[in-house]
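For reference, the structure is listed below as structure tokens.
No value in this document is a laboratory result; all are computed from the given coordinates. All of these numbers come straight from a predicted model, not from anything done at the bench. Virtual Cβ from ideal backbone geometry, glycine too; neighbours counted across all protein chains shown.
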Amino acid sequence: MVLLMIPARLKAARTRAGLTQEKLGVLAGIEEETARSRVSQYEGGVHRPTFEMMCAFARILNVPEGYFYTVDERFAEAILALYLKQQNQP
């Protein structure tokens, strides 16, 4: 389960944001030629992105970095909900 946190949550956040794998990769600074395959490998658990790359994904996808690393699923969703609630406050 622990090894699947990042891939599953990355894919969930990307689909929630309505981005393709290629678009997310390009926005995160990955070269267009390899963006789709690299994000696909991250989402498939084939390769692990660096913390810096996960921070870029978090910024683009409007989720907190901790969302990707929290082991407990309910706690991760609570972190996301709190983050989004604070984003909507003046």
Just the Kirkwood number for segment 36-90, please: inverse of mean 1/r across all distinct Cα pairs, in Å, one decimal. 12.2
Length gained, S37-K11, 0.36 nm per residue minus C-alpha separation, equals 8.0 nm
Exposure proxy ranking, count of Cβ atoms within 10 Å, fewest first, for R36, R14, R74: R74, R36, R14
Out of P90, T34, T15 - ranked by how far each Cα lies towards the positive end of the dipole of the chain, with unit charges on the beta-carbon of charged residues - the top one is P90
Could you pull out every residue, at least 5 positions away or on a different chain, whose amide H is within less than 5 Å of the one on N62? Hs are placed 1.01 Å off N in the peptide plane, and Pro or chain starts have none. none
Likely footprinting exposure, E22, E77, E31, fewest C-beta neighbours within 10 Å first: E31, E77, E22
Below 8 Å, C-alpha to C-alpha, sequence gap of six or more: please give me the relative contact order for the chain in percent. 29
Tally Lys and Arg at +1 and Asp and Glu at -1 over the other residues with C-beta under 14 Å from the C-beta of Y83: what net charge comes out? +2
Mind checking the alpha-carbon convex hull of segment 1-65 and giving the volume per residue in Å³? 72
Suppose every K and R has +1 on its Cβ and every D and E has -1 on its Cβ; what is the size of the dipole of the chain about the Cα centre, in Debye to the nearest 20? 220
